[in-house]
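What follows is a short report on a single structure.
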Amino acid sequence: MEKRYFTVDEANVQLTKIKPLLVRLVRIARAHHAVESISVTFSDEYQAYEHAITVSEQYHKLSYEMHSLLRKILFNGAVVKDAYLGLIDFYSRGNGQEIFLCYRLGEEKITMWHSRDKGFQERKPISLLNNDSQ
């Protein structure tokens, strides 16, 4: 699979395919974190052993599902930057450089971008972007 570059319109079309996957990914990432943070003390060693196996099974099942979704999202052209928050980027070109078109779950569509060496906190409106990616 090769890296693909998207215009804003192309990324927004892909976003319609990715949103359901991203919603599921966020839910699984949060459940994964919750399972990871479970700490229970048992007075009976057998119960502790049985519980440890159950938690481990859940953790690995969620890990597998999470990685499967990460791959599907990547296959559709987006890079997941934060599975817990639902942050994704699409590679694009603008202002004479490689950039990211940025989306956070809950936003209607892609309206922001940032350079590859910056992150979500320093994203800018698409209107400030040269025509390379629009």
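For the chain, what's the radius of gyration and Dmax over Cα atoms, in angstrom?
Gyration radius and largest Cα-Cα distance of the chain: 18.9, 66 Å.
Report, in deg cm²/dmol and to the nearest 500, the calculated mean residue ellipticity at 222 nm for the chain, where each DSSP H run with n ≥ 4 adds -39500 (n - 2.57) and the sum is divided by the residue count.
Numbers: 2 runs with 60 residues, N = 134.
After summing the helix terms and dividing by the residues of the chain, the value is -16000 deg cm²/dmol.
Pairing the Cα long axis of helix 45-75 with the longest principal axis of the chain, what angle in degrees results, from 0 to 90 and rounded to the nearest 10?
It works out to around 10 degrees.
On the principal axes of its Cα set, how long, how wide and how thick is the range 76-131? Give whole Å, largest value first.
31, 23, 19
Over the chain, what is the relative contact order in percent, taking alpha-carbon pairs closer than 8 angstrom and at least six residues apart?
The value is 28 percent.
Which value, in debye to the nearest 20, describes the size of the charge dipole of the range 8-133 about its Cα centre when Lys and Arg Cβ atoms bear +1, Asp and Glu Cβ atoms bear -1, and nothing else is charged?
Details: 16 positive and 16 negative charges, 105 e Å.
With only Lys, Arg, Asp and Glu charged at Cβ, the dipole is about 500 debye.
Kindly express, to the nearest 10 degrees and within the range 0 to 90, the angle between helix 8-36's C-alpha long axis and the longest C-alpha principal axis of the chain.
Helix 8-36 sits roughly 20 degrees off the main axis of the chain.
So if we plug the beta-carbon distance of residue 127 and residue 30 into 1/(1 + (r/R0)^6) with R0 = 41 Å, what FRET efficiency do we get, rounded to 0.05? Could you put the intermediate results ahead of the total?
On the way: r = 33 Å, r/R0 = 0.81.
E(calc), rounded to 0.05, equals 0.80.
No value in this document is a laboratory result; all are computed from the given coordinates. Everything numeric in this text was worked out from a predicted model, so none of it was measured. So basically every Cβ, Gly included, is an ideal-geometry build from the backbone, and we count neighbours across all protein chains shown.
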